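Asks: Here it is: the structure, laid out below.
The values are calculated or read from the model by the stated rules, or taken from the named source; none is laboratory data. All values reported here derive from a predicted model rather than from experimental measurement. All Cβ positions, glycine included, derive from the backbone under ideal geometry; neighbour counts span all protein chains shown. Note: accessible area is taken over every heavy atom of the protein model, side chains too, but ligands, DNA and RNA are not part of it. Shrake-Rupley method; radii C 1.70, N 1.55, O 1.52, S 1.80 Å.
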Amino acid sequence: MEMLNLVLWFLSTCVLAIALTKSFSRGTKAAGSDLPPGPSPFAVIGNLLELGDKPHNSLAKLSHIYGPIMSLKFGQVTTIVISSGAMAKEILQNYDTSFYNRPIPDALQAHQHSDFAMVWLPVSTPWRNLRKICNSHIFSIQKLDASQDLRRKEIQQLLAYVKESCCAGKAIDISQVAFNASLNFLSKTMFSVDLADPSSDAGREFKQIVRGVMVEAGKPNLGDYFPMLRKLDLQGRRRRMTTYFGKMLEIFDLMIDQRLNLRQEHGLTDAESRDMLDTLLNTSEENSNQIDKNSIKHLFVELFAAGTETTSSTLEWAMTEVIRKPEALLKAKLEIEETIGKGKPVEESDVIRLPYLQAVVKETFRLHPPAPLLLPRKASEDVTISGFTVPKGAQIFVNAWAIGRDASTWDNPNSFMPERFLESDIDVKGRHFELIPFGGGRRICPGLPLAIRMLYPMLGSLINSFDWKLEDGVTPENMDMEEKFGITLRKAKPLRLVPTFAVSNI
C-alpha cells in the first residue's frame, strides 16, 4: 500500500514524469530485444505495481506465467528474476564472475555503510581482506570449535529462562528468546560481554534496531529505481537507516574505545587476545590497510544484524511448523530422547546422529528461507543464459522462496514434510541449487557455519527439554502464518508459546 500511494503521487508530478519517460525510453531501447520474457511494463514506473507488499510471492506467481528466468522493469532499472534451481546455478556458479557485484540500495549508503560493508563491497582487495578475516578468524572450524563452550552456555541460559517461564505458566516470544541467545553469543565472542538479558529490555531494543535495518534495506525504494529521486529520499528509508546504523555504530564505537584504552593501560600481546575484538585490533595494528577501526565497526554491524535476525527468524518458523504438525514434533522429540536422553540439551556433536532434526531444519529453510530474494546481484557484462540476454547493469534477484516451492522439484511443495530429506543428500551449503537459503558461489553467506552450529542445538534443546502449547484461543489450525517481508522473512505476528515440563513419550 505504501508503494502504491507513492507511485500514484509520483505519477501526478507531471514535469518529473515527462523527464523520466524520456529516460525510460532510452533505457528500454538499450536493453535489447533478447531479454527474457516478462509482463509488459507501464510507462515511467515499469512493473513496480507488480511487486506488492510481498515481492517474493508476487514474483513467484509471475514466474508461473513467464518462466524461471524473466525480466521486469522497475522504474529505470532492468531486473532479471530467477525462480528455479537450474537457473540459479547459471547465475551463482556457471557465470558467477559476471554477477559478483551488487547494486547498492540507497538506504545502505547511510553512514557510508556500503563503502565498508563486506556484503555490499565489489569483489576487490578490501572485499578479499574482509572475507579472509572472516574465514580465518571468525568462522573457521578451529575458531568455532574453540568457542563451542560459549554457545553451550548461552543455550543453557536460554533453557534456564524458559524454565522460569514454565514455572510461572507464562507464554514466551520464541523469536525474542532466540534473538537474545544469538545476540549474547555474538557479543560474548566479539566483546566478552552479554548485550542482552532475557528479562531486560536491552535485547528487545537491539532487536528493534536490527529488524528496522532489515526492513528498510529489503523493501522496494523509489530512489533505487529512479536515481534522480535519491536525494529526495521520498520514503524516508535512508533517514531511518541513518538512525538505526547510528545507534549500532555508537554501541560498537564505545566497545572499541573502551578496549583500546584498556590495552593502552595494561598492554596486550597477541597471545593474550581475549576475544574477536582483540584479534581484529591486533590485525589492524599490524596492517591498517587490511582493516581499520571504521571497517571493524561496520563489520560488527553486518555480523550482528545478519547473525541475530536470520537465526531467530528461522528458529521461530521451525517451531511454528512443528507446532502446526504435531506428528513432526513428536518424531523429532522421540529421536532426540532415544539418542541423547530425555530433557538433555542437544550438543553440537549430537547433531550428526539426529537426521530427523536436520530434516526439520532443512524443510524450514526450504519453505521459509531467511532471505527470500537472497541479496541482489548486478551484471558486469552482457551474458546469454538459456538463449536470453541478461544485459550489463541489470540487477538480478534469485527468488529462493520460489525455488523452495517449485512444483517441478518438490512433491507437495507447500506442505511441511521433513521426511523428504531423510533419504536425500541435499544440504544448505550452496552445492544444491534447489535449496540455497544462504546463497551460493563466491558470495555465499560467510556466516553459514556459525548459523548451523547455533540453530540445530537451540531447536533440538527446546524440543527435548519442554513440551509446548499455544496461548488460549489459538489452535494449530488457526495459527497466523502471514509473512513480513524485508531482507529477512519473518512472521508478521510473533509466535508465542507456553512451555510445560516435558513428559516422556517413550
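Asks: Using a Cα-Cα cut-off of under 15 Å, which aspartates and glutamates could be cross-linked to Lys132, ignoring same-chain neighbours fewer than 8 residues away?
Replies: Qualifying aspartates and glutamates at Cα under 15 Å: Asp292.
Asks: Next question. Which whole-number percentage describes the relative contact order of the chain, with Cα contacts under 8 Å and a sequence gap of 6 or more? Present the calculation step by step, with values, prior to reporting the outcome.
Replies: On the way: 787 pairs, mean separation 114.4, N = 506.
Worked out over the chain, it gives 23 percent.
Asks: Suppose the chain between Ser124 and Glu265 were pulled fully straight at 0.36 nm per residue; how much longer would it get relative to their current alpha carbon spacing?
Replies: 47.1 nm
Asks: Further question on the same structure: Under a 1.4 Å probe, what is the accessible area of the chain per residue, stated in Å²?
Replies: Normalised by residue count, the accessible surface of the chain is 42 Å².
Asks: If you plug each phi of the range 219-224 into the Karplus form 6.51 cos²θ - 1.76 cosθ + 1.60 with θ = phi - 60°, what whole-Hz ³J(HN,Hα) values come out, in order, with x for Gly and Pro?
Replies: 3J(HN,Hα) across the range 219-224, in whole Hz: 7, x, 9, 4, x, 7.
Asks: Once ligands and nucleic acids are excluded and a 1.4 Å probe is used, how much of Cys167 is accessible, expressed in Å² to the nearest 10?
Replies: 100
Asks: Right, another one. Calculate one ³J(HN,Hα) per residue across the range 107-113 by plugging θ = phi - 60° into the Karplus curve 6.51 cos²θ - 1.76 cosθ + 1.60, and present them in order as whole Hz with x for glycine and proline.
Replies: Karplus-based 3J(HN,Hα) across the range 107-113 equals 4, 7, 8, 4, 6, 6, 4 Hz.
Asks: Oh, and also: On full extension of the chain, what length is gained from Lys392 through Arg204, given 0.36 nm per residue of separation minus the C-alpha to C-alpha distance?
Replies: Full-extension gain reported as 63.4 nm.
Asks: Here is a further query. How big is the accessible area of Lys247 in square angstrom, nearest 10, if you roll a 1.4 angstrom probe over the protein chains?
Replies: 100
Asks: Antiparallel as a % of all DSSP beta bridges within the chain, to the nearest 5?
Replies: Numbers: 22 of 26 bridges.
Here the share of antiparallel DSSP bridges comes out near 85 percent.
Asks: Compute the distance in nm between two label points, each set 7 Å from the Cα along the Cα-to-Cβ direction, one at Arg274 and one at Lys429.
Replies: 3.5
Asks: Report the net charge of residues surrounding Leu121, where surrounding means a beta-carbon distance below 11 angstrom and charges are Lys +1, Arg +1, Asp -1, Glu -1.
Replies: For residues surrounding Leu121, the net value is +2.
Asks: I would also like to ask the following. Scan the chain and note any complete DSSP helix (H) whose C-alpha atoms cover at least 27 Å along its axis and whose Kyte-Doolittle average is -0.5 or more. Working shown, then result.
Replies: Values: long enough: 148-168 (30 Å, -0.53); 237-266 (43 Å, -0.87); 293-324 (46 Å, 0.05).
Membrane-span-like by this criterion, though nothing is claimed about a membrane: 293-324.
Asks: Which of the residue pairs Lys342/Lys469; Lys54/Lys247; Lys143/Lys342 have a Cα-Cα distance greater than 22 Å in the structure shown? Spell out each step's value before the answer.
Replies: Values: Lys342/Lys469 19 Å; Lys54/Lys247 28 Å; Lys143/Lys342 30 Å.
Beyond 22 Å: Lys54/Lys247; Lys143/Lys342.
Asks: While we're here: Given Cβ point charges of +1 (Lys, Arg) and -1 (Asp, Glu) and nothing else, what value in debye, to the nearest 20, does the dipole of the range 140-241 about its Cα centre take?
Replies: Numbers: 17 positive and 12 negative charges, 86 e Å.
Its charge dipole is roughly 420 debye.
Asks: Continuing with this model, one more query. Which residues does a label at Thr500 reach in the range 138-179, if reach means a backbone N under 14 Å from a point 7 Å past the Cα toward the Cβ?
Replies: Output list for this probe position: 166-171.
Asks: Could you check how much of the accessible area of the range 458-506 is carbon and sulfur, as a whole percent, using a 1.4 Å probe?
Replies: 51
Asks: Okay, next question. Tell me which residues come under 5 Å, amide H to amide H, from Leu497 once H is placed; ignore anything under 5 positions away on its chain.
Replies: Ile172, Ile174
Asks: To the nearest Å, what is the center-to-center distance of the range 39-92 and the range 429-501, using C-alpha atoms only?
Replies: 26
Asks: Tell me the label only: which of (1) 12; (2) 15; (3) 19 is percent of Cα pairs over 44 Å apart as calculated from this structure?
Replies: (2)
Asks: On a 28 Å Cα-Cα criterion, which of the cross-link pairs Lys163/Lys493; Lys73/Lys293; Lys170/Lys325; Lys219/Lys293 come out too long?
Replies: Lys73/Lys293; Lys219/Lys293
Asks: If you don't mind, another one. Calculated from DSSP H runs of 4 or more alone, at -39500 (n - 2.57) each and per residue, what is the 222 nm mean residue ellipticity of the chain, nearest 500?
Replies: Rounded to the nearest 500, it is -15500 deg cm²/dmol.
Asks: If I model a spin label as a point 7 Å beyond the Cα along the Cα-Cβ vector, how far apart are those points for Asp145 and Arg131 in nm?
Replies: Going by the 7 Å Cα→Cβ label model, 2.5 nm.
Asks: Once the piece of chain linking Leu254 and Ala168 is laid out straight, how much longer is it, given 0.36 nm per residue of separation minus the C-alpha distance between them?
Replies: On the way: separation 86, 0.36 × 86 = 30.96 nm, distance 3.71 nm.
Gain on stretching Leu254 to Ala168: 27.3 nm.
Asks: Continuing with this model, one more query. Cut-off under 12 Å on the C-alpha distance; same-chain residues fewer than 8 positions from Lys231 excluded. Which aspartates and glutamates are left, in chain and number order?
Replies: Asp106
Asks: While we're here: Hey, rough spin-label estimate for Asp115 and Ala86, points 7 angstrom out along Cα→Cβ, what's it come to in nanometres?
Replies: 4.5
Asks: Still on this structure: Within the accessible area of the range 104-206, what % is carbon and sulfur when the probe is 1.4 Å and the other protein chains stay in place?
Replies: Working: 2150 of 4270 Å².
Looking at the range 104-206 in its full context, I get 50 percent from C and S.
Asks: Moving on to the next point. Using a 1.4 Å probe and ignoring any ligands, DNA or RNA, find the accessible area of Lys89 and quote it in Å² to the nearest 10.
Replies: Answer for Lys89: close to 80 Å² accessible.
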